Amino acid sequence: MKPQQLIAAAVAVAALVAFPVAVGNPYYIHLVETIMIYAIVLFGLDIVVGYTGQVSLGHAGLFGIGAYTAGVLVMKLDASLWLTLPAAIAFTAGFGALLALPALRVSGPYLAMVTLAFGTIIQILINEMTFLTEGPMGITLTKPSLFGHRLDETEYYWVVVVMLLASLIFVHRVLRSHLGRAFEALRGSPVASDCMGVSVYKYKVYAFVISAGLAGLAGALYAYSEQYISPNTYNFEQTVLFLLAVIMGGRKTRTGALLGATIIVLLPKLLDDLGLFRIVSVLLAVLVTVAVGVAYQRGKMTLKDAVIPVVGSIALAGLSFVLQTMTDWRLSVFGLITLFVVYYLQDGIVGFVRNALNLRGHGATDADEAAQMAPSGDALSQATGRGDGGTLLEAKGILMQFGGLKALNNVDLTIRRGTIHGLIGPNGSGKSTMMNVLTGIYVPTAGSVSFAGTAQAGRTSSDIALSGIARTFQNVQLFGEMTALQNVMVGLHHTFHSTLPEVALHLPRYLREHGDATARAIGLLRFVGLSDLAGEEARNLPYGKQRLLEIARALALDPQLLLLDEPAAGLTAPDIKELLAIIQKIREHGVTVILIEHHMDVVMSLCDTVSVLDFGQKIAEGVPAAVQADEKVIEAYLGGQAA
């Protein structure tokens, strides 16, 4: 963290701690306390929504489980804060796992419906289990005691501040670790994640459990804060508010979670006071106009895009002076504000401001610093068994059938160590299907694949990747919102063995692994000529550089076999020349390559052996010159080029 960031953080924490002393009003103290508790929920919800890209409508239920865990323990056992908070975290995380294990096998609207049903069931159970929860009567609590002293409102406020800061540090460290990169990769490309050795299902569940634990902590704190809990608090409306807060504040940012929590707590209060609403709406209109003006001047927004938020905020300010009372318009204004933010500020308020002011995220800053500090040198290790000519991979009788279509029909393929093996054929001949079979994305209808003498049947894509097979994709599958460095670090996920506590506490093993992986990632970027672009988001790179980044990420797996699916597609002549040099260097390091390519000059200049597919069948195989002269190949694919 930079010195100015440290100073800003220290000032913010000092202001937060001093707030109850400076204000003294219990109502305002409780209001800020509620914002902090909601922010803890949103830190966790953002992991699921912002990072893994899942939609959860069950977090109000998880919040309720945490609250009732604390409430029941206090009511039945008179348990202390030292027991209720850890119990709420553990119990809610357990429920999160029970929900996630079946629910996360589906996605999109199906996942939303499953989590919504979970939240509804939890509310019903809380209401009906009167022997435990007191049902509709609810549970009354008092403020907790610490070291024999009963906390007052201000002292409990400081406990919440400590829990907020602990949660913030925990989430921040997790999301900037290999775990956070794994979560974010799931959103960017689940297929690529699996092929980088990051199990999609496993890390979806992991993210959900962490998120649930934070919701449980917040629920327990909320129970003590309100001193009364009842089933009606943890309903569908609460879940929608949490989800809106993440969207409005801005996903993938802790500042956005804090802002979102502030909005959902203060906005309803603000809409009850017409005079205050007028003041705030005018200030908002001024701030939006200034921010949009800066964004427009810097070319971040078109005139059409700039007009809408300015006109909308000015119209809201004008409406506040037209209205004589908020009683009949409260819900309508709240809905309009929500709709405006969700529709026009899809990166949330924090994302909009960051883009307008051209502020860079932590990922870009860290990548730039790492690129400057990393040692030079070759990060690509020598593959085992280099050039010994033995068989590395063997596919026998591969049949891949989709309904009545045979995409691959009894195809045999033998790949020898230390070679570059070309796989060519016209579009639709089954080349990419074969790649998907070899990497476990498709399970063949019949046939077998063995790699390094081990049968691949029944292995997942992530298992196959970790065994030594890496690949790129015909259509580039990068994690677009992550930097070039972070993309390669995802490929190095297998080098991390640190546990969650080690990550959260920054223990020596994690710090050592992180330093080693960062240096290796920079070395791989340097290997493909992208070290100067380490801090650039992958989606902003030129197409040719994206192809090279995908190769660097695949090499991070330290593979014995690298599958390149049309790496020269769409590249210019200079880019192709650079690509040829990189593939030659890869082979020199002992990595065996399977190359799918339509550029015949690339195939003929690089490959030791070429196999030709046509309509899912292998029609020729041999050295490039012999294949080029084969009449079947000429007829099926090369046309007049052989002459």
Where a residue in the range 446-468 is free of Cβ contacts under 8 Å to residues at least 60 places away in the same chain and its partner, wherever it lies, is surrounded by fewer than 18 Cβ atoms within 10 Å (Cβ to Cβ), with Cβ under 6 Å and at least six apart
Ala446/Leu399; Gly447/Lys396; Gly447/Gly397; Gly447/Leu399; Ser448/Lys396; Ser450/Glu394
Quick one: count up the residues across the range 583-627 that are at negative phi, among the small types (Gly, Ala, Ser) and either in contact (Cβ under 8 Å) with a residue 24 or more places away in the chain or surrounded by fewer than 18 Cβ atoms within 10 Å (Cβ to Cβ) (or both).
4
Would you check which residues across the range 315-333 are within 16 Å of Arg278 (Cβ to Cβ) and assigned to a helix (DSSP H, G or I) and list them?
Ala315, Leu316, Ala317, Gly318, Leu319, Ser320, Phe321, Val322, Arg330, Val333
Modelled with pLDDT of 90 or more, crowded, with 19+ Cβ neighbours inside 10 Å, out of contact with any strand residue (DSSP E or B) (no Cβ under 9 Å at 6 or more places or on another chain) and not β-branched (Val, Ile, Thr), is that true of Phe43?
yes
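Any residue at all in the range 305-314 that is outside any helix (DSSP H, G or I) and in contact (Cβ under 8 Å) with a residue 12 or more places away in the chain?
No, the range 305-314 contains no residue that is outside any helix (DSSP H, G or I) and in contact (Cβ under 8 Å) with a residue 12 or more places away in the chain.
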List the helices (runs of 4 or more DSSP H) that sit entirely inside the range 1-93 and contain at least 1 residues that are among the acidic types (Asp, Glu) and without any contact (Cβ under 8 Å) to a residue 60 or more places away in the chain.
none
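Per-residue answers, yes or no, for (1) within 30 Å of the chain's Cα centre (by Cα); (2) closer than 30 Å to Val23 by Cα; (3) modelled with pLDDT of 90 or more:
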| site | (1), (2), (3) |
| --- | --- |
| Met137 | no, no, yes |
| Tyr157 | no, yes, yes |
| Val174 | yes, no, yes |
| Val209 | yes, no, yes |
| Ala212 | yes, no, yes |
Restricting attention to the range 220-235, the residues that are surrounded by 24 or more Cβ atoms within 10 Å (Cβ to Cβ) and part of a helix (DSSP H, G or I) number exactly 5
Can you confirm whether Val198 is among the hydrophobic types (A, V, I, L, M, F, W, C) and modelled with pLDDT under 90?
no
In the set Tyr224, Tyr201, which member is assigned by TED's automatic domain parsing to the domain that holds Leu146 and under 14 Å from the mean Cα position of the chain (by Cα)?
Tyr201
Report yes if some residue within the range 109-132 is outside any loop (DSSP other than H, G, I, E, B), surrounded by fewer than 19 Cβ atoms within 10 Å (Cβ to Cβ) and at positive phi; otherwise report no.
no
I'd like the residue in the range 485-512 that is closer than 24 Å to Ser461 by Cβ and without any contact (Cβ under 8 Å) to a residue 40 or more places away in the chain and, out of all such residues, is surrounded by the most Cβ atoms within 10 Å (Cβ to Cβ).
Thr495
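Looking at Ala554, Ala521, Ala534 in this structure, which one is out of contact with any Phe, Trp or Tyr (no Cβ under 7 Å at 6 or more places or on another chain), within 30 Å of Gly453 (Cβ to Cβ) and buried (at least 23 other Cβ atoms within 10 Å of the Cβ)?
Just a single option satisfies the conditions, and that option is Ala554.
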Spans of helices (runs of 4 or more DSSP H) in the range 450-559 with at least 1 residues closer than 30 Å to Thr433 by Cβ
461-467, 484-491, 508-527, 543-555
Residue pairs within 6 Å by beta carbon, gap of at least six or interchain, first lying in the range 547-560 and in the same structural domain as Ser189 (by TED's automatic domain parsing), second in a helix (DSSP H, G or I) and among the acidic types (Asp, Glu), listed first then second, are none
Any residue at all in the range 568-582 that's in contact with a Pro (Cβ under 8 Å, 6 or more places away or on another chain) and within 20 Å of Leu438 (Cα to Cα)?
no
Of the residues Leu505, Leu525, which single one is within 17 Å of Ile169 (Cβ to Cβ) and within 22 Å of the chain's Cα centre (by Cα)?
Leu505
Filtered residue count, the range 266-275, keeping only those that are surrounded by 15 or more Cβ atoms within 10 Å (Cβ to Cβ), at pLDDT below 80 and part of a helix (DSSP H, G or I):
2
Identify the single condition in (1) under 15 Å from Gly397 (Cα atoms); (2) part of a strand (DSSP E or B) that Gly422 does not satisfy, given that it satisfies every other one.
(1)
Residue check for Ile308: at pLDDT 75 or above, β-branched (Val, Ile, Thr), assigned by TED's automatic domain parsing to the domain that holds Phe334 and within 20 Å of Asp347 (Cβ to Cβ):
yes
Members of the range 438-449 that are among the polar types (S, T, N, Q) and assigned to a loop (DSSP other than H, G, I, E, B)
Thr439, Thr445
Flag for Gly544 being of a type outside the set (A, V, I, L, M), modelled with pLDDT under 95, in contact with an Asp or Glu (Cβ under 6 Å, 6 or more places away or on another chain) and closer than 25 Å to Lys577 by Cα:
yes
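Residue-by-condition table, conditions (1) at pLDDT 95 or above; (2) closer than 30 Å to Leu485 by Cβ; (3) assigned to a strand (DSSP E or B); (4) touching a Gly at 6+ places or on another chain (Cβ under 8 Å):
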| position | (1), (2), (3), (4) |
| --- | --- |
| Glu394 | no, no, yes, no |
| Thr414 | no, no, yes, no |
| Ser429 | no, no, no, yes |
| Asn436 | no, yes, no, no |
State all residues of the range 189-219 that are under 20 Å from Arg539 (Cβ atoms) and surrounded by fewer than 22 Cβ atoms within 10 Å (Cβ to Cβ); if no residue qualifies, say none.
Ser189, Pro190, Val191
Return a yes/no flag: does the range 445-458 have any residue that is surrounded by fewer than 24 Cβ atoms within 10 Å (Cβ to Cβ), of a type in the set (A, V, I, L, M, F, W, C) and within 26 Å of the chain's Cα centre (by Cα).
no
Of everything in the range 146-182 that's touching a residue at least 12 places away in the same chain (Cβ under 8 Å) and not in a helix (DSSP H, G or I), which residue is surrounded by the fewest Cβ atoms within 10 Å (Cβ to Cβ)?
Leu146
Answer residue from the range 53-97, given it is over 20 Å from Val159 (Cβ atoms) and polar (S, T, N, Q) and is nearest to the chain's Cα centre (by Cα) among those
Gln54
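The values are calculated or read from the model by the stated rules, or taken from the named source; none is laboratory data. All values derive from a computational prediction rather than experimental measurement. Cβ sites come from the backbone with ideal geometry, for glycine too, and all protein chains shown count toward neighbours.
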